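Visitor: I'd like to ask some things about the structure below.
The numbers here are math on the coordinates, done by the rules we state, and not lab data. Just so you know, these numbers come straight off a predicted model, no measurement behind them. Cβ atoms come from the backbone with ideal geometry, glycine included; neighbour counts cover every protein chain shown.
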Amino acid sequence: MGKRLYTDKILFCAVVALVTFGLIMVYSASSIIAVQGKYDVGSNYFFLHQLGWAVVSFFGLMILKRLNYHVFNTPAWAFGGIGVVLTMLIVAFFTDTSKHRWLKLGVGSLQPSELAKPALVLFLAFFLSRRIRAVNNARFTLAGCGLVLSFLVFFVSLADLGTAVVLIATTALVFFVAGLDRRYLLGAVPVAILFMIVGVAAKPYRVGRVVVMLDPEHKVLNEVDPNGWVMTYVKSSTAPSDPAFQALQSKIAIGSGGVFGLGLMDGIQKLFYVPEPHTDFIFAVIGEEFGLLGSTALLIGFFVILWRGYRTFLMAPDDFGRYIALGVTTMIVFQALFNISVVTGLGPTKGIPLPMISYGGSSLLATLLSVGLLLSVSERSH
């Protein structure tokens with residue numbers, strides 16, 4: 001008789017609740033702008049698209065949940081997954097001439113950088129489960145993993161710097177928990193800083209967003225750059241001319257929500273003030289319509305995932321399962337906090353979705369597939 005599996009009902013219900021709430025908020029944030037303005041589609045357009053992706057993604061979650069996660073503990077999955085994602089990223093770079101992000105599938109689009117997240121988790125789990133006793137071996141462990149990560153992060157960052165930051169942060173925490181020596185961690189810091197500087201400098205609008213956050217009145221910038229070269233570079237961007245507009249409108253939305261919010265569907269800033277409110281800045285709509293209480297409830301949902309995910313990490317029966325649980329949990333929660341910090345003005349504006357809440361099929365698919373892996377580990381940890 002096979003071993004009975006026990007689903008982590010708290011984790012599963014938290015994910016279902018977040019996805020359901022996300023569907024509601026996508027409809028609230030997009031129903032008006034879908035009809036008017038540049039879209040001119042039905043009010044249910046974005047909701048129905050997200051609902052379709054939710055059904056497909058939950059189907060994938062349930063398959064992975066029931067599948068023994070050990071089947072992925074092979075070089076084919078670890079290196080093949082990274083290879084497929086890299087190929088998709090390169091194809092997207094050359095075929096999507098405007099944003100270099102999307103693969104056109106006929107019935108929709110797919111963002112390969114989102115699939116890099118579960119692919120990286122499987123690679124790290126496979127790699128570390130075999131090299132855990134030699135994690136500080138510079139030649140055979142760190143060089144090999146660093147080479148793979150460098151290629152992946154480079155191609156992701158060409159069009160999606162935010163996702164690249166999530167990949168780097170997840171890798172750093174996983175290696176830290178695995179016992180990476182402090183000297184290697186400290187040595188990686190200047191490399192990461194240099195990567196961020198180059199990544200920001202590569203796009204004029206990214207420079208503008210950082211300037212708006214750190215020096216909104218340009219007092220320091222005018223002293224450091226009296227000739228105005230930086231602002232000339234920023235203004236050469238084809239992105240919207242005011243990099244502070246979206247962040248400012250989102251803070252107005254959150255502030256106007258107060259403690260209890262204005263009520264579902266009653267938000268004002270989503271009506272052509274906050275650009276694309278159903279995507280990366282959907283937390284601003286939540287803050288306006290549900291207030292401090294609703295925003296806090298959403299944060300609690302992500303902390304439930306943090307709690308149950310790290311609990312699975314501690315209870316997993318083997319290293320491969322432990323690092324899957326650690327990688328998936330860290331990636332989801334870090335991305336959520338990263339998104340919320342941007343929307344609330346604690347970080348420069350960056351296009352990164354709020355997991356399970358923002359509109360975006362690729363993000364939802366990648367997140368729920370990752371949760372499926374996490375649940376697979378959890379069910380075999382009792």
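Visitor: Choose one of ILE324, VAL198, GLN269: the residue whose Cα lies farthest towards the positive end of the charge dipole of the chain (beta-carbon charges +1 Lys, Arg; -1 Asp, Glu; about the Cα centre).
Guide: Of the listed residues, the answer is ILE324.
Visitor: Kindly provide the helix-only [θ] at 222 nm of the chain, computed as the sum of -39,500 (n - 2.57) over DSSP H runs of four or more divided by all residues, to the nearest 500 deg cm²/dmol?
Guide: Value at 222 nm, helices only: -23000 deg cm²/dmol.
Visitor: For the range 69-202, what is the Kirkwood hydrodynamic radius in Å, using each pair of distinct C-alpha atoms?
Guide: Kirkwood radius, the range 69-202: 15.7 Å.
Visitor: Ok, one more. Looking at the chain, do any whole DSSP H helices span at least 30 angstrom along their long axis by alpha carbon and average -0.5 or above on Kyte-Doolittle, and which?
Guide: Length and hydropathy pass: 9-35, 45-66, 282-315, 319-343.
Visitor: Right, next: Ranked highest first by average number of other Cβ atoms within 10 Å, how do 213-219, 152-158 line up?
Guide: The densest-packed peptide leads the list: 152-158, 213-219.
Visitor: Relative contact order for the range 243-367 using alpha-carbon pairs under 8 Å, separation at least 6, rounded to a whole percent?
Guide: 27 percent.
Visitor: On to the next question. Please list, or write none, the aspartates and glutamates whose alpha carbon is within less than 15 Å of the alpha carbon of LYS65, excluding same-chain residues fewer than 8 places away.
Guide: Excluding near neighbours in sequence, the set is ASP8, GLU379.
Visitor: Taking +1 at the Cβ of each Lys and Arg and -1 at the Cβ of each Asp and Glu, which of SER236, SER43, ILE24 sits farthest along the dipole of the chain towards its positive end, judged by Cα position relative to the Cα centre?
Guide: ILE24
Visitor: Sort the range 64-132 into rounded, prolate or oblate with this rule: let a ≥ b ≥ c be the square roots of the eigenvalues of the Cα gyration tensor; rounded if a/c is under 1.5, and if a/c is not under 1.5, prolate when a/b is larger than b/c, oblate otherwise.
Guide: Judged from the Cα gyration tensor, the range 64-132 comes out prolate (a/c at least 1.5, a/b above b/c).
Visitor: Quick one: work out Rg over Rh on the C-alpha atoms of the range 268-382, Rh as Kirkwood radius.
Guide: On the Cα set of the range 268-382, Rg over Rh gives 1.04.
Visitor: For THR95 paired with LEU48, estimate the spin-label separation in nm (one decimal), with each label point 7 Å from Cα along the Cα-to-Cβ line.
Guide: Between THR95 and LEU48, the label points sit 2.5 nm apart.
Visitor: Please tell me the relative contact order of the chain in percent, rounded to the nearest whole number, where contacts are Cα pairs under 8 Å and at least six residues apart.
Guide: For the chain, the relative contact order is 28 percent.
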